[in-house]
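The values are calculated or read from the model by the stated rules, or taken from the named source; none is laboratory data. Keep in mind the model is a prediction, meaning the values are calculated, not measured. No Cβ is skipped: glycine too gets one built from the backbone with ideal geometry, and neighbour counts run over all protein chains shown. Ligands, DNA and RNA are excluded from the accessible area calculation, which covers all protein heavy atoms including side chains. Shrake-Rupley method; radii C 1.70, N 1.55, O 1.52, S 1.80 Å.
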Amino acid sequence: MNSLAPADTPAGALSVDVVPLGGLGEFGLNMMAISCGDTTIVIDAGSMFADAELPGVDLIVPDLTYLASRRGQVKALVLTHGHEDHIGAVPYVLPLVDGPLYGTPLTLAFVQPKLDEHRVSHGPGLVPVKPRDVVTVGPFRIEFIRVTHSMPDCVAVAIHTPQGVIIHTGDFKIDQTPLDGEAFDLPRFAQLGAEGVLALMCDSTNVDRPGFTGSEREVEDAFEELFTGTEGKLVVGAFSSSLYRLQILVDLAVQFDRKVAFVGRSMIANSQIAQRLGHLHIPTGVVIKDSDIPNFPAQDVLCVATGSQGEPNAALSRMAINDHRYVRLGEQDRVVLSARAIPGNEKAIGRVLNHLARRGVDVVTESEKHVHVSGHGAGEELKLMLSLVRPRYLIPVHGEYRQQARHARIAQLVTSGLPVPVRVLLAEDGDVVRFDAEGGRLFDKAPAGRVLIDSTRVGEVDEEVLRDRRHIAADGVVVPVVAINRQTGAIEGVPELMVRGFVTDDDTMGIFKEAGLMLIEVIDACGLEERTDPGLMQERIRTEVRRYLRKRTGRRPMVLPVVMEI
Ligand SMILES: [Zn+2]
Ligand SMILES: [Zn+2]
């Protein structure tokens, strides 16, 4: 047999189910379950931030029904790296796991504060792993392989199963000059490929981009120019997890004699974690506290700030409206956005940039200068991965369906000349992909979806709450206040309508006044029993006000009657 042909599956081996629970057909909330016999392992547990379409929702995590249904059998949670879309749901998932949490030291350091915040203590422990480590969990042997990405300490996993080897790349690009010298372990991928790989689950994020993504180092030149040409403060908005970016900025600050202030809660926290673990090297005396910024001349300061996505409470947004405690910006200063706009955040970012422009601040984004480089591999990198691994099956992950479909076409091209061209399984969240003696196929459906978290309350936001919030957002809210005499059931005074979300010009105010008079008539016409029953009264008022406003204004606001008995 040709030694490059895939290994045969041993007869009678247990079947293996691969169940994507998040991150397929969408960006964010990456999570993959793999089950064999009575053991399930989970790879990554990501979240996604909610946007304006989900009012009051802070966080979105994957539906955990599948894992809950296998309670007692979920024996490990394995993390590829420390980005929110891979670890944000850990506090919700970990209580369903009866085994260790495996991750590299940096990943675990980013997870720990989340567990503290949610008061999750994990009995089986958080187990640090390093590349080339192998751990055994039931029928699985899980091997960690170094990859490069926009943050340090990232790994792919090769899972040796009874059906063969399944590789999950996690997020990656092939950075051949990584800032920390930790090289992508291409040799190991090649070796596994030569031995035979059953399935490859590969990052599809940047499949639409041609060529290679480029090294993290590529932004050095642009930033050097910016350091040279900025007379006042230099403020860089970036993700606090982009530690390579932070290192490049720190090095340039040292070179150009600027002090570095990390501004924003997560920026301060992550820079400290990174220093402690040796992923961020800063000579002593270079870092200053944000509260010390006013004590230094503007030209001596570099601020590295949160808020690159226009988050309203983040440092950059506060600076933009001159509401930051320590940072005031003006005409000599320059703000650089060193991050990609995550789809959905463009408006919020635009708002921040406009405010900054009004203060006379020079704003630089990646459209003017090469101040950002993606962390995800482009077309040629994905091809290279396929050429090295030569899997029997490809399951494109991390992307919407069109990215996955494009990844499938690339795979046909790359492997058409091989003795066994790759077969692509286009799965979406909740598809159960089964591997057994008959090969790999979409076999079944598992429950999957999204759970919305409102962090001001405990637990989930259900559809009803969400419908109400959309309703209020679209049509406003009206609170009719009616006072009724408890004894006589007579209405006291003219009911008042408190209104939010309506344009309150004279016309509409007139309509609301008339609605109050209308209510007097309606209530007078009700029988005594109805008038002295607040529950019935509320329902009657709600119906009448709704009908009235729909007729007069064409809108359907939420009506919340208050009936006071006096
Ligand atoms: Zn990532
Ligand atoms: Zn990711």
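Scan segment 492-508 for residues that are over 42 Å from the mean Cα position of the chain (by Cα) and open to solvent by 30 Å² or more (accessible area, probe 1.4 Å) and report the count. Reasoning before the result, please.
Taking segment 492-508 first, the residues over 42 Å from the mean Cα position of the chain (by Cα) are 492-496, 506-507.
Narrowing the set further to residues that are open to solvent by 30 Å² or more (accessible area, probe 1.4 Å) leaves 492-494, 496, 506-507.
So the count comes out to 6.
Of the residues examined, Leu108 is not one that is under 17 Å from Gly23 (Cβ atoms), without any contact (Cβ under 8 Å) to a residue 40 or more places away in the chain and within 16 Å of ligand 1 (Cβ to nearest atom). Residues of segment 115-151 that are more than 24 Å from Ala190 (Cβ to Cβ), touching a residue at least 60 places away in the same chain (Cβ under 8 Å), more than 16 Å from ligand 2 (Cβ to nearest atom) and of a type outside the set (Val, Ile, Thr): Gly138, Pro139.
The strands (runs of 3 or more DSSP E) located wholly in segment 358-458 that include 3 or more residues which are among the aliphatic types (A, V, I, L, M) occupy 391-397, 450-453.
Across segment 254-268, the qualifying residues are those that are in a helix (DSSP H, G or I) and surrounded by fewer than 24 Cβ atoms within 10 Å (Cβ to Cβ), and the one among them that is farthest from the chain's Cα centre (by Cα) is Gln255. Every condition in (1) open to solvent by less than 20 Å² (accessible area, probe 1.4 Å); (2) modelled with pLDDT under 95; (3) of a type outside the set (A, V, I, L, M, F, W, C) holds for Ser338 except the one numbered (2). Taking first residues from segment 41-60 that are surrounded by fewer than 17 Cβ atoms within 10 Å (Cβ to Cβ) and partners that are at pLDDT below 65, the Cβ contacts under 6 Å between residues at least 6 apart in sequence or on separate chains come to Asp58/Ser455.
Here's the yes/no breakdown for (1) at pLDDT 95 or above; (2) open to solvent by less than 20 Å² (accessible area, probe 1.4 Å):
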| residue | (1), (2) |
| --- | --- |
| Val97 | yes, yes |
| Arg119 | no, no |
| Gly138 | yes, no |
| Ile167 | yes, yes |
| Gly181 | yes, no |
| Asp203 | yes, yes |
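Of everything in segment 170-179 that is buried (at least 23 other Cβ atoms within 10 Å of the Cβ) and not small (Gly, Ala, Ser), the residue that is farthest from Ile410 (Cα to Cα) is Asp175.
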